[in-house]
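The structure appears right after this line, and notes come after that.
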Amino acid sequence: AQKVTQAQTEISVVEKEDVTLDCVYETRDTTYYLFWYKQPPSGELVFLIRRNSFDEQNEISGRYSWNFQKSTSSFNFTITASQVVDSAVYFCALSEGPNDYKLSFGAGTTVTVRA
Amino acid sequence: DGGITQSPKYLFRKEGQNVTLSCEQNLNHDAMYWYRQDPGQGLRLIYYSQIVNDFQKGDIAEGYSVSREKKESFPLTVTSAQKNPTAFYLCASMGQGTYNEQFFGPGTRLTVL
């Protein structure tokens, strides 16, 4: 069964619009970590944010913010005032348990920001 | 600078040949991982190693082999048994106290002709 689902395949916006990426996860563990990674055209994955299962506080970091809701198993990610450089594939990932070091990735959402 | 290097960036091989992809890290991380990415898909785990001289199969290990003789190196061999080896391969590492965050290399794009 898919542990991480990113229902949005592609999103296209005009520069300065906000972009929200959806992520739904599935786990039976009480301790887990959730991540968002960015993959620009160069291919390398860049870490963006991490949230552990015990901390549902939503935060803002620069133009990035996230909404973690355990009740709905969702970990959504928002880019505010998007820029062309934000064009990339964004992956949501799950690491289950305190000693399970594997990551399960969603299929990714391709974001295109047009000037 | 600390990081993960993968070489080469692009690799071409003839069908039926084994090929080894290099992954080196100088982050002093204990754990290392190999992922495969196909167009329009997420990353799938091939093999991982949490300590030297030990490694485990991931979700799609068939047709691949690895070794972990040194902490900083985790080469991946794509064997002729792998039916569809053309893909983008990413190596990652993770250290103690990083809350399961993995650091990724630049990737190797393998094309089998």
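The values are calculated or read from the model by the stated rules, or taken from the named source; none is laboratory data. Worth saying up front: this structure is predicted, and the values here are computed from it rather than measured. For neighbour counting, all protein chains shown are included, and Cβ atoms are generated from backbone atoms with ideal geometry for every residue, glycine included. Note: areas computed on protein heavy atoms with side chains; ligands, DNA, RNA excluded. Shrake-Rupley method; radii C 1.70, N 1.55, O 1.52, S 1.80 Å.
To two decimal places, what compactness ratio does chain A give when its Cα radius of gyration is scaled by 2.2 N^0.38 Å?
Chain A yields a ratio of 1.03.
Report the FRET efficiency, 1/(1 + (r/R0)^6), for A:Phe54 and B:Leu27, where r is their Cβ-Cβ distance and R0 is 35 Å, rounded to 0.05.
Once rounded, the FRET efficiency stands at 0.85.
With a 1.4 Å probe and every protein chain left in place, work out the accessible area per residue of chain B in Å², rounded to a whole number.
Per residue, chain B has an accessible area of 50 Å².
Taking beta carbons within 10 Å but only from partner chains, what does the mean come to for residues A:45-58?
That average works out to 2.
Translational diffusion coefficient, Stokes-Einstein: compute it for region B:1-112 using the Kirkwood radius over C-alpha pairs as Rh, at 20 °C and 1.002 mPa s, and state it as an integer in µm² s⁻¹.
Using the Kirkwood radius from Cα pairs, D works out to 154 µm²/s.
Taking the alpha carbon gyration tensor of the protein assembly as shown, what are the square roots of 5 times its eigenvalues, largest first, to the nearest whole Å?
Three semi-axes, in Å: 29, 21, 16.
Can you list the aspartates and glutamates whose alpha carbon sits under 19 Å from that of B:Lys83, skipping same-chain ones fewer than 8 residues off?
Reachable aspartates and glutamates: B:Glu15, B:Asp38, B:Asp59, B:Glu62.
With chain A treated as a Gaussian network of Cα nodes joined by springs under 10 Å, which of A:Leu34, A:Leu48, A:Leu94 yields the largest mean-square fluctuation?
Judging by the Gaussian network model, the answer is A:Leu48.
Percent of accessible area on the protein assembly as shown owned by carbon and sulfur, 1.4 Å probe?
Ligands and nucleic acids excluded, carbon and sulfur give 47 percent.
Suppose a student asked you for the relative contact order of region A:1-50, using Cα pairs under 8 Å spaced at least 6 residues apart; what percent would you report?
About 29 percent, as a whole number.
Residues of region B:43-60 with accessible area at least 20 Å² lower in the all-protein-chain context than alone (1.4 Å probe)?
When all protein chains are present, B:Leu43, B:Leu45, B:Tyr48, B:Gln50 each give up 20 Å² or more of accessible surface.
Would you mind telling me which residue in A:Asp29, A:Asp18, A:Asp86 has the biggest mean-square fluctuation in a Gaussian network model of chain A, where springs connect alpha carbons within a distance under 10 angstrom?
Maximum among the listed residues: A:Asp29.
Residue by residue, what Karplus-based ³J(HN,Hα) values in Hz, rounded to whole numbers, does region B:11-25 have, using 6.51, -1.76 and 1.60 with θ = phi - 60° and x for Gly and Pro?
With coefficients 6.51, -1.76 and 1.60, one gets 9, 10, 9, 7, 4, x, 9, 6, 9, 10, 9, 8, 9, 10, 10 Hz.
What is the distance, in nm, between label points placed 7 Å from the Cα along the Cα-to-Cβ direction at B:Glu69 and at B:Thr20?
According to this spin-label approximation, the distance is 0.7 nm.
Report, as an integer, the average count of C-beta atoms from other chains found within 10 Å of each Cβ along B:26-39.
The shielding value for this peptide is 1.
Taking Cα pairs under 8 Å and at least six residues apart, what relative contact order does chain A come out at, in percent?
38
If you take all C-alpha pairs in region A:73-115, what percent of them are over 11 Å apart?
Summing the P(r) of region A:73-115 above 11 Å gives 73 percent of all pairs.
From Cα pairs below 8 angstrom and at least 6 apart in sequence, can you work out the relative contact order of region B:14-113, rounded to a whole percent?
32
When you look at the Cβ of every residue in B:100-112, what mean number of other chain Cβ atoms sits within 10 Å?
Whole-number average of other-chain Cβ neighbours for B:100-112 is 5.
Give the longest segment of chain B that steers clear of trypsin sites (Lys or Arg not before Pro) in DSSP loops with at most 12 neighbouring Cβ atoms within 10 Å, not counting the sites themselves.
B:15-82
Which whole-number value in Å³ per residue fits the convex hull of the alpha carbons of region A:43-88?
95
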